[in-house]
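One structure is given below, represented as structure tokens, and several questions about it will come after.
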Amino acid sequence: MKIIVAGKGGVGKTTISGTIARSLARSGHSVLALDADNNPMLGISLGVGPERTDELGTLRQALESGEVAHQPSTAGAIETFGTDAPDGVRLVVLSRIDRADPG
Ligand SMILES: Nc1ncnc2c1ncn2[C@@H]1O[C@H](COP(=O)(O)OP(=O)(O)OP(=O)(O)O)[C@@H](O)[C@H]1O
Ligand SMILES: [Mg+2]
């Protein structure tokens, strides 16, 4: 099952996403949470904590920087770039903007 949470700014996407992910994981499901927001905050909602959430590496930047070899499989990417969050959720952050320009 794939669940996508989208909507306009500030409507509760991150809060709802984290709650759904943790709830499913607590029920025994294997949960992969993908944070596709340019300002990724899902880690906070998942219980990773604000400092660690800020420091989480992202899949796109890691691949672009050449720090790590390209992962040939989805499972490999999840293993390499993912972070374990409370309740058994695996979190992967896709991208992050370093600095937002006006507009
Ligand atoms: N069901 C709710 N009832 C009341 N407040 C809520 C609810 N869900 C979220 N909030 C609050 O609304 C604010 C925005 O929530 P959240 O960050 O989850 O929204 P978002 O859609 O992810 O925002 P953004 O577009 O900035 O990423 C937060 O302060 C959050 O605590
Ligand atoms: Mg959000």
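The values are calculated or read from the model by the stated rules, or taken from the named source; none is laboratory data. Source: prediction; values computed, not measured. Here the Cβ is made from the backbone with ideal geometry for all residues, glycine too, and neighbour counts use every protein chain on show. Side chains are part of the model used for accessible areas, which takes the heavy atoms of the whole protein and leaves out ligands, DNA and RNA. Shrake-Rupley method; radii C 1.70, N 1.55, O 1.52, S 1.80 Å.
How many of the residues in segment 46-72 are among the hydroxyl-bearing types (Ser, Thr, Tyr) and either open to solvent by less than 30 Å² (accessible area, probe 1.4 Å) or in contact (Cβ under 8 Å) with a residue 40 or more places away in the chain (or both)? Reasoning before the result, please.
Residues of segment 46-72 among the hydroxyl-bearing types (Ser, Thr, Tyr): 53, 58, 65.
Narrowing the set further to residues that are either open to solvent by less than 30 Å² (accessible area, probe 1.4 Å) or in contact (Cβ under 8 Å) with a residue 40 or more places away in the chain (or both) leaves 53, 58.
Number satisfying all stated conditions: 2.
Results for (1) within 15 Å of ligand 2 (Cβ to nearest atom); (2) modelled with pLDDT of 95 or more; (3) surrounded by fewer than 11 Cβ atoms within 10 Å (Cβ to Cβ); (4) among the small types (Gly, Ala, Ser), shown as yes or no for each residue.
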position	(1), (2), (3), (4)
Val5	yes, yes, no, no
Ser27	no, yes, yes, yes
Ser30	no, yes, yes, yes
Asn39	yes, no, yes, no
Ile44	yes, yes, no, no
